[in-house]
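The values are calculated or read from the model by the stated rules, or taken from the named source; none is laboratory data. Keep in mind the model is a prediction, meaning the values are calculated, not measured. Methodologically, a virtual Cβ is constructed for each residue, glycine included, from the backbone with ideal geometry; neighbour enumeration extends over all protein chains shown.
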Amino acid sequence: MISRKRINRRTFVAGAGATAAAAVMPWGPASVIAPAASAAGGRLIPPGKTGTITYTQRDVPTRVGIAASAALGVAPTMGYLGGPDFPNDPTDLGPLVPLPGGWRELLEFLAKAGFKQIEFAGYGQNAANPGGAAPNPAPGGVVTAASRAAYIAYANTLRGFLDEFDLEAIGNHGFIPNTWPGPSSAGGVMTINDYERFQLELEFASVLGMPYMGTGSDPTSANNRNIEPWTVAGEKWDALNRLSTQWGIQLYPHNHAPAYHFLQDGPMVTVTQDRVTGAPIAPTVVRGESGKRLMQHYLDVTDPALCVVEMDVFWAHVAQHQHRWRYDWEGNRVEDIFDPMATVAKQTKRYALFHAKDGDRTADPVGVGNGYNMVPFGDPRSDIDYQGFMSGMGAKGFHNPNYEQDNAPGGSADPGQSLRFSIISANGMSNLRG
């Protein structure tokens, strides 16, 4: 059982809230999303588990917000956040209004939209916003007493913003060290700089109250599908989790489609068919594949009491589209279709987090392209069966799904788009029934 100890907040920076005097925001109670009365069955995503990763709204922390614009005497960024029929009518953009910027205003907006959990994608923001710029935790790669103090003070400021709007930090895509205590690490040890930076990041996460801390990457490069580096990755993440769980925090890698390609774990074989089309090719020597996927091997070689992962459900479906054929240990081309829901169901608590990213099926032939385009969660164009996925994977209420949409920001042409898509997606998550 993992201890969930937390740093208490007696050291909270007293001025954290005062640095951001309450601004009159252009959104109000009408922005709060209520479940559709006609939805049948219970919520598949409990209210306390409705999350988002801030990569989706990555344009918001970096711009000068409403309060900072007023303090500086400059015009705020203007955009559309939806009219009276939004989000039921996503084309009802409403009037031009000042747009939030920085962490405090973004977190307020997300809370009013109906989100409860926040997965950070880094901690930086525009320095003009309440709380200021994120300090460098390790100048030149070295943690100093001054850098640690500034970094933890900033953590207390962010925690103050989260508490103000009754939000929970569920994770972060951030620093994972390259070295670790283990025979496959350089010299079998963790470098002192990696250790001190890792401990500081864990302390930061603990101040925010995170039960998980992660990365946006695979446990090792999926460009190398040989079994050996994936076995070493298991050693590394086991060792790092033994350190992180001393803080009550579990580490998680993220994944995209390549992580669900086939592990190359067999003998060298000669193949004569194209993997995707089955067309004849010149005899080619490759390494045989048993049918195990890369991420499954990672789970098989890591401690189930320590190591969890975050599945990106969109990219798992892209993997189903792309990685459909393998070469067996005799060199035969074999169809072997990936099933994301069944993969989670057989080890459901190893998949503690999800990126709840929705997709519209394209006309790409099987094995060609991604097969899906990203859309807001619950968009009518969706072709990913989230109802079946969330109701069939077991341990209802345990998982932490975080809405993500890589293409949400609208740039200068539509700077309010990522926020409108967030409202649509919070609505879609709250209305998912099963």
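For the structure I just gave you, tell me whether residue 86 is crowded, with 16+ Cβ neighbours inside 10 Å, at pLDDT 95 or above and either closer than 30 Å to residue 201 by Cβ or hydrophobic (A, V, I, L, M, F, W, C) (or both). Give the steps one after another, and end with the answer.
Working: crowded, with 16+ Cβ neighbours inside 10 Å: yes; at pLDDT 95 or above: yes; either closer than 30 Å to residue 201 by Cβ or hydrophobic (A, V, I, L, M, F, W, C) (or both): yes.
Yes, satisfied.
From 286, 344, which residue is touching a residue at least 12 places away in the same chain (Cβ under 8 Å) and more than 17 Å from the chain's Cα centre (by Cα)? Walk me through how you get there before you give the answer.
Working: 344 fails: more than 17 Å from the chain's Cα centre (by Cα).
After applying the criteria, what remains is 286.
Give, as residue ranges, the strands (runs of 3 or more DSSP E) completely inside the stretch 271-386 that count at least 3 residues that are surrounded by fewer than 22 Cβ atoms within 10 Å (Cβ to Cβ). It would help to see each step written out before you state the result.
On the way: elements: 280-287, 309-312, 325-327, 333-335, 351-356, 358-361, 372-375.
Answer list for the stretch 271-386: 280-287, 333-335.
Can you report the number of residues in the stretch 87-115 which are on the phi < 0 side of the Ramachandran plot and either assigned to a helix (DSSP H, G or I) or touching a residue at least 40 places away in the same chain (Cβ under 8 Å) (or both)? Total meeting the criteria: 20. Counting only residues that are within 18 Å of the chain's Cα centre (by Cα) and surrounded by fewer than 14 Cβ atoms within 10 Å (Cβ to Cβ), the stretch 387-396 holds 0 of them.
crowded, with 20+ Cβ neighbours inside 10 Å, small (Gly, Ala, Ser) and under 24 Å from the mean Cα position of the chain (by Cα), is that true of residue 48? Give the steps one after another, and end with the answer.
Details: crowded, with 20+ Cβ neighbours inside 10 Å: no; small (Gly, Ala, Ser): yes; under 24 Å from the mean Cα position of the chain (by Cα): yes.
Considered against the rule, which asks whether it is crowded, with 20+ Cβ neighbours inside 10 Å, small (Gly, Ala, Ser) and under 24 Å from the mean Cα position of the chain (by Cα), residue 48 comes out as no.
Scan the stretch 48-62 for residues that are farther than 13 Å from residue 120 by Cβ and out of contact with any helix residue (DSSP H, G or I) (no Cβ under 8 Å at 6 or more places or on another chain) and jot them down.
To start, the set of residues in the stretch 48-62 that are farther than 13 Å from residue 120 by Cβ comprises 48-50, 59, 62.
Result: 48, 49, 62.
Of the residues 205, 222, which is closer than 28 Å to residue 51 by Cβ and part of a loop (DSSP other than H, G, I, E, B)? Reasoning before the result, please.
Details: 205 fails: part of a loop (DSSP other than H, G, I, E, B).
Going through 205, 222 in turn, just one is closer than 28 Å to residue 51 by Cβ and part of a loop (DSSP other than H, G, I, E, B): 222.
If you check residue 228 against the conditions, is it at pLDDT 95 or above, part of a helix (DSSP H, G or I), touching a helix residue (DSSP H, G or I) at 6+ places or on another chain (Cβ under 8 Å) and not aliphatic (A, V, I, L, M)? When the stated conditions are applied, residue 228 does not pass them.
The number of residues in the stretch 133-175 that are more than 24 Å from the chain's Cα centre (by Cα) and under 30 Å from residue 73 (Cβ atoms) comes to 2.
Scanning the stretch 152-174 turns up one or more residues that are in a loop (DSSP other than H, G, I, E, B), in contact (Cβ under 8 Å) with a residue 40 or more places away in the chain and within 19 Å of residue 252 (Cβ to Cβ).
The C-beta contact set for the stretch 216-242 (first residue under 21 Å from residue 319 (Cα atoms), second residue modelled with pLDDT under 95 and buried (at least 17 other Cβ atoms within 10 Å of the Cβ), distance under 6 angstrom, 6+ apart or interchain) comprises 218/255. Scanning the stretch 115-139 for residues that are touching a Lys or Arg at 6+ places or on another chain (Cβ under 9 Å), closer than 26 Å to residue 193 by Cβ and small (Gly, Ala, Ser) gives 121, 122, 138.
Would a scan of the stretch 384-394 turn up a residue that is of a type in the set (Val, Ile, Thr) and more than 16 Å from residue 433 (Cα to Cα)?
At the first step, the residues of the stretch 384-394 found to be of a type in the set (Val, Ile, Thr) are 384.
With more than 16 Å from residue 433 (Cα to Cα) added as a condition, the list becomes none.
No, because not a single residue in the stretch 384-394 is of a type in the set (Val, Ile, Thr) and more than 16 Å from residue 433 (Cα to Cα).
Candidates in the stretch 56-78 are the residues that are touching a strand residue (DSSP E or B) at 6+ places or on another chain (Cβ under 7 Å) and not β-branched (Val, Ile, Thr); of these, the one that is surrounded by the most Cβ atoms within 10 Å (Cβ to Cβ) is 76.
Has the stretch 284-296 got any residue that is more than 26 Å from residue 331 (Cα to Cα) and modelled with pLDDT of 95 or more?
Going through the stretch 284-296, the residues more than 26 Å from residue 331 (Cα to Cα) turn out to be none.
No.
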